[in-house]
Amino acid sequence: MLSTERFYAIRHDDPDSASCLWDRFEADGFATAFQTRSWVKAIRETLIARRDADLFMVEVREVGSEKPWMLLPFCRWTCFGLRVIEFVSLGVSDLAMPVMAAEDAVAGAAEAQSLWQAVLAGLPKADLVKID
């Protein structure tokens, strides 16, 4: 891959395909209670199933080193005819953020912009991206 950006994204339409990395980030990195696999699994089995939503993960990696930096759990569902993407919450979590590697931090605005552009590039098509 040729890129001038620092980061790129991989979308996992099957969240279980990112389970090893997710477990590693939970054990050695940073995740709130609302980003743990057990929490997301509970939402997947209840709320996501009832809304006929799709659960997917966006993994962000560093260009060159291929080092994974973060996983972002998202869902996509239809609301009033619009395809909406949001963090996995569906109104029951009060904090939405990525599951992150422990030692990584974005140093400045340019890196943060590169990281966010990678996340956006990893999202499937939608009418609205809603991040509260």
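Condition check ((1) at pLDDT below 85; (2) closer than 17 Å to Val119 by Cβ; (3) in contact with a His (Cβ under 8 Å, 6 or more places away or on another chain)) across all residues:
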residue: Asp14; (1), (2), (3): no, no, no
residue: Ser19; (1), (2), (3): no, no, no
residue: Asp28; (1), (2), (3): no, no, no
residue: Leu47; (1), (2), (3): yes, no, no
residue: Phe56; (1), (2), (3): no, yes, yes
residue: Val60; (1), (2), (3): no, yes, no
residue: Ser65; (1), (2), (3): no, no, no
residue: Trp69; (1), (2), (3): no, yes, no
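I'd like to verify a number: residues in the stretch 100-128 that are at pLDDT below 80 and farther than 16 Å from Glu5 by Cβ, how many?
Looking only at that region, the number is 3.
If I ask for residues that are hydrophobic (A, V, I, L, M, F, W, C), open to solvent by less than 90 Å² (accessible area, probe 1.4 Å) and either free of Cβ contacts under 8 Å to residues at least 40 places away in the same chain or not in a strand (DSSP E or B) (or both), which ones from the stretch 1-21 would you list?
Taking the stretch 1-21 and keeping what is hydrophobic (A, V, I, L, M, F, W, C), we get 1-2, 7, 9-10, 18, 20-21.
Cutting the leftovers down to open to solvent by less than 90 Å² (accessible area, probe 1.4 Å) gives us 7, 9-10, 18, 21.
Correct list: Ala18, Leu21.
Quick check on the stretch 24-31. Is at least one of its residues under 18 Å from Met100 (Cα atoms) and free of Cβ contacts under 8 Å to residues at least 24 places away in the same chain?
yes
The values are calculated or read from the model by the stated rules, or taken from the named source; none is laboratory data. As the structure is a prediction and not an experimental result, all values here were calculated from the model. All Cβ positions, glycine included, derive from the backbone under ideal geometry; neighbour counts span all protein chains shown. Each accessible area value is taken on the protein alone, full model and side chains, heavy atoms only, with ligands, DNA and RNA left out. Shrake-Rupley method; radii C 1.70, N 1.55, O 1.52, S 1.80 Å.
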